[in-house]
Amino acid sequence: LEVLRSYDLHTIVEEWFMEVLQTDLQANIGPEFWNCIQQYENTAEEQQCSLLLLDAFCLLKRRLDPYLNSLELLERWTKAGLLLGTGAQMLQEKVYTMFKAILFFSTTQSFQQMIQQFYSRTFRIYMRQWKKGEDVMNECESSMSENEQESDTEEGGGESPLCAGCSSKREECWCPKAMEQFQQLNDILRRLNLLERVSAEAVTTILHRMIEERMEQRCRGEYERSFLNEFQEWIEKVIGWLSRVFLQDSPSARCTPEANSTLKRWRCHVQRFFYRIYASMRIEELFSIIRDFPESKPAVEDLKFCLERTNQRQQLLSSLKSALEMRLLHPGVNTSDIITLYISAIKALRELDPSMVILEVACEPIRKYLRTREDTVRQIVAGLTGDAEGSGDLANELSKADPVTLENGQESDDDIADPEDWVPDPVDADPEQSWRRSSDIISLLVSIYGSKDLFINEYRTLLADRLLHQFNYSAEREIRNVELLKLRFGEAQMHYCEVMLKDMADSRRINANIRDEEEKLPEEERPPFSLVAVILSSEFWPPLKEEKLELPEQIKEAMEAYSKKYEKLKAMRTLNWKYHLGLVNLDVELADRTLSLSVSPVHAAIILHFQTKSTWTLTELSDVLKVPVTSLKRKMTLWLQQGVLREDPQGTFTVIEEEQKDQLEKVVLIDSDEEGDSAMASQADQKEEELQLFWTYIQAMLTNLESLSLERIHSMLKMFVMTGPVVTEIDIQELQGFLQKKVRDQQLIYSGGVYRLPKNCS
Amino acid sequence: MRVRIRGWNGVASWLWVANDENCGICRMAFNGCCPDCKVPGDDCPLVWGQCSHCFHMHCILKWLHAQQVQQHCPMCRQEWKFRE
């Protein structure tokens, strides 16, 4: 060497060494090693596989050992200053790189499979051993956690003749051997510095698979407890195994900083991976979690914890959105169910993301969809007043103390919260809506439509309906509801409802007054039956359904008498009776039986007419009652059902004075008359009323201009009518529908794209 | 057959016996109330003048207060006198 040095040739030594190594690797060692590996494919037995694997690596080590020794020698020389070298470290790295490059430039699939198989086996054995230790401890502690043990034995197949670790027969268990091999292989790889290259991938895959498997087993569909701690413990076990792989077993090596950092890296990796997998699973299940909300709170909290550590908000949003669309927002779901789910979504997502951005973004489809359902408002209002079957959620929410008034909802964030607590919105927030993000359930529901008026109107209709059906004049519950709603919606909005309730109270007073007066009268002048009335302030009640009905003379007389008394009581005021509304209690006395019933005025009027004449045809009845035949026919069914009348022949009704026992009772189809029983004019009817206003204008237009197209009519209406004091909006489709109806009613002629009035009309 | 009515719960709406629907001053319905009131009927009555025009009491009183010299009916400009 001195000689070489004197000839300035010492640099060549290194190069020579490298070259020899390279050729040897390429020519001999590589193929030999791969040959070894190749044999595997022919061996089916796993045990043999791992033996072979170990052998192959042993061989590799034996072959490479001389080189490593000479490498050390070279290194020493460098240190001694004999060689200039490019630096010992560099040389070493070069050699290792060459190993990697030449030997493992391309690894075959089967090789990777082997490695994976090997590691997963040892992993299982390791976990099993660990658990055994735990089991012993558990037994000592007596069966505190029986569940845990059970699941362990299940997993481990403790009863089965197979060893849990190596899944071969108990007697032939090769766990310890495998662990030994495992240890050896790791040592060799470490020695050759090939550990990362060869096993990192396999280890990662195994870990991922194991985590997924375990999670699938343990957590899917289970929302009622938190799994974070359980998995944290489990991860610690896994880290124990990893340390066996990557670190020497000797305790001294464990404390080196390098080892620590490797371990730390792996722990970090495993944890992150776990969070991601767990979050993904929960995100996938979020719909069900929301459905079960108050019970699934632990799952929501877990998810929140994971989301803070992973970047999966976007995934959550899109997944939740599509889940909602697929499972909730289709015609097969009841509106009330959608609302219930929306409420639990509000509650759950409020927990998950206090900034409410997730709620806002993910639930936009629900809100949009609810807007298209006709009965949404009705359902919400019914929920608010506790009428809806099922959940009293909304009613509870309403009676909650310290409600957020909707009127002052716009107050800026500044005066609510301490500026120190301000947190910027997450990136996925919609900047346009950031000004107001309420978590109050009622305000969220009400804001679906963007206005309170719709809700107030709906509530008014509901209230009117109830007041006119119950006829109890002290509506405590309604008063309470109105008071609660007043807190929410403000005094002004609920004013109408208050007047309605006051009307009820006033009516009661007036009724009492009138009754007192009647009692002063001599016996014969008293009215034949007691008539009480609900007296409405028409301007404050929703429009009532108008129906024609001519009551029998005696009833009308009684009503007139009542009106007279009212006029005496309240100067300059009179009453306008709604004959068709009300409730009549009556007894029908037949030859052999008496029926006591509460019926509507129409029904009462019908049966009263049968007093004077026991057989009526439908047309005759329709004439006296002024009720159209079709609706009268429907009304008749009540009396047919009660067995008071019979229809024979078709369209002719006769009283059944004596019930015929032998004759089988005719089953009368129950016509669901009740559904149309609302006293209020329906939305459609109200719209009709509004459109009637346009009709006069349209008639005037067509009289002057003879014929006009749809668009012209619409634009003219827009110009003249929609600017007036009573702004009624109409869109062109609505107008078209309206005009077509008029055409059908022959009040209008449509030809050649223009509308015209019929000749005789103008 | 005999039908005995035990009780008849009727529904009626009250209205002022007036020759117009809206108050000439506030343009609100007579059966409603004047803009200052919340509750119609007894709390916001109508009054008639001898010229047969009628108004919400609160409305016409306000009008009469605003008149400095002579008090006229806002509709027909005759001298306003309450009808007994």
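Of everything in segment A:685-715, what is of a type in the set (A, V, I, L, M, F, W, C), open to solvent by 60 Å² or more (accessible area, probe 1.4 Å) and under 45 Å from the mean Cα position of the chain (by Cα)? Give them in sequence order.
A:LEU693
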Query raised in the report: In segment B:9-25, what residues are surrounded by fewer than 19 Cβ atoms within 10 Å (Cβ to Cβ) and more than 7 Å from chain A (Cβ to nearest Cβ)?
Result: B:ALA18, B:ASN19, B:ASP20, B:GLU21, B:ASN22, B:GLY24, B:ILE25
Report summary line: The condition from (1) within 10 Å of chain A (Cβ to nearest Cβ); (2) more than 27 Å from A:MET559 (Cα to Cα) that B:MET57 misses is numbered (1)
Query - segment A:580-593: number of residues that are surrounded by fewer than 21 Cβ atoms within 10 Å (Cβ to Cβ) and not polar (S, T, N, Q) - result: 8
**Report entry** Residue among B:ARG6, B:ARG2, B:ARG83, B:ARG77 that alone is within 13 Å of another protein chain (Cβ to nearest Cβ), of a type in the set (Lys, Arg) and over 30 Å from A:SER600 (Cβ atoms)
**Finding:** B:ARG83
Requested in this report: Could you grab me the full set of residues in segment B:27-41 that are within 24 Å of B:GLU79 (Cα to Cα) and part of a helix (DSSP H, G or I)?
Outcome: none
Query - Hey, B:LEU46 within 7 Å of chain A (Cβ to nearest Cβ), at pLDDT 85 or above and under 9 Å from the mean Cα position of the chain (by Cα) or not - result: yes
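Conditions (1) modelled with pLDDT under 80; (2) open to solvent by 30 Å² or more (accessible area, probe 1.4 Å), marked per residue:
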position	(1), (2)
A:GLN493	yes, yes
A:ILE514	no, no
A:LEU521	yes, yes
A:VAL532	no, no
A:GLU547	no, yes
A:LEU551	no, no
Query - Hits in segment A:324-363 - residues which are charged (D, E, K, R) and in contact (Cβ under 8 Å) with a residue 40 or more places away in the chain - result: A:GLU325, A:ARG327, A:LYS347, A:ARG350, A:GLU351, A:ASP353, A:GLU360
Query - Residue among A:GLU589, A:GLU620 that is farther than 26 Å from A:VAL534 by Cα and within 10 Å of chain B (Cβ to nearest Cβ) - result: A:GLU589
Report summary line: Out of (1) part of a helix (DSSP H, G or I); (2) facing another protein chain (nearest Cβ under 10 Å), the one A:ASP516 does not meet is (2)
Requested in this report: Just give me the residues in segment A:549-558 being in contact (Cβ under 8 Å) with a residue 12 or more places away in the chain and either over 55 Å from the mean Cα position of the chain (by Cα) or at the interface with chain B (Cβ under 8 Å from one of its Cβ atoms) (or both), in sequence order.
Outcome: A:PRO552, A:GLN554, A:ILE555, A:ALA558
Requested in this report: Restrict the check to segment A:343-351 and report whether at least one residue is hydroxyl-bearing (Ser, Thr, Tyr), at pLDDT 80 or above and open to solvent by less than 40 Å² (accessible area, probe 1.4 Å).
Outcome: yes
Query raised in the report: If a residue has to be open to solvent by 20 Å² or more (accessible area, probe 1.4 Å) and not in a strand (DSSP E or B) to count, how many in segment B:42-66 make the cut?
Result: 14
Requested in this report: Go through (1) over 19 Å from A:PHE227 (Cα atoms); (2) at pLDDT below 80 and name the single condition A:THR310 misses.
Outcome: (1)
Report summary line: In segment A:592-617, anything in contact with a Ser or Thr (Cβ under 8 Å, 6 or more places away or on another chain) and either facing chain B (nearest Cβ under 10 Å) or within 28 Å of A:VAL534 (Cβ to Cβ) (or both) is listed as A:SER614
Query raised in the report: When segment A:298-321 is examined, which residues are found to be in a helix (DSSP H, G or I), surrounded by fewer than 16 Cβ atoms within 10 Å (Cβ to Cβ) and without any contact (Cβ under 8 Å) to a residue 40 or more places away in the chain?
Result: A:GLU308, A:ARG309, A:SER318
Query - Counted residues, segment A:559-573 - those being buried (at least 19 other Cβ atoms within 10 Å of the Cβ) and more than 7 Å from chain B (Cβ to nearest Cβ) - result: 2
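Listed here are the residues, each with its yes/no results for (1) closer than 17 Å to A:ASP440 by Cβ; (2) of a type outside the set (A, V, I, L, M); (3) over 14 Å from the mean Cα position of the chain (by Cα).
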{"residue": "A:LEU324", "(1), (2), (3)": "no, no, no"}
{"residue": "A:PRO331", "(1), (2), (3)": "no, yes, yes"}
{"residue": "A:ASN334", "(1), (2), (3)": "no, yes, no"}
{"residue": "A:SER344", "(1), (2), (3)": "yes, yes, no"}
{"residue": "A:PRO354", "(1), (2), (3)": "yes, yes, yes"}
{"residue": "A:VAL357", "(1), (2), (3)": "yes, no, yes"}
{"residue": "A:GLU360", "(1), (2), (3)": "yes, yes, no"}
{"residue": "A:PRO365", "(1), (2), (3)": "no, yes, no"}
{"residue": "A:THR376", "(1), (2), (3)": "no, yes, yes"}
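The values are calculated or read from the model by the stated rules, or taken from the named source; none is laboratory data. From a predicted model like this one, the values you see are computed outputs, not experimental measurements. When we count neighbours, we look across all protein chains shown, and the Cβ atoms used for this are built from the backbone with ideal geometry, even at glycine. For the accessible areas, the whole protein counts, side chains as well, though only heavy atoms, and no ligand, DNA or RNA atoms are used. Shrake-Rupley method; radii C 1.70, N 1.55, O 1.52, S 1.80 Å.
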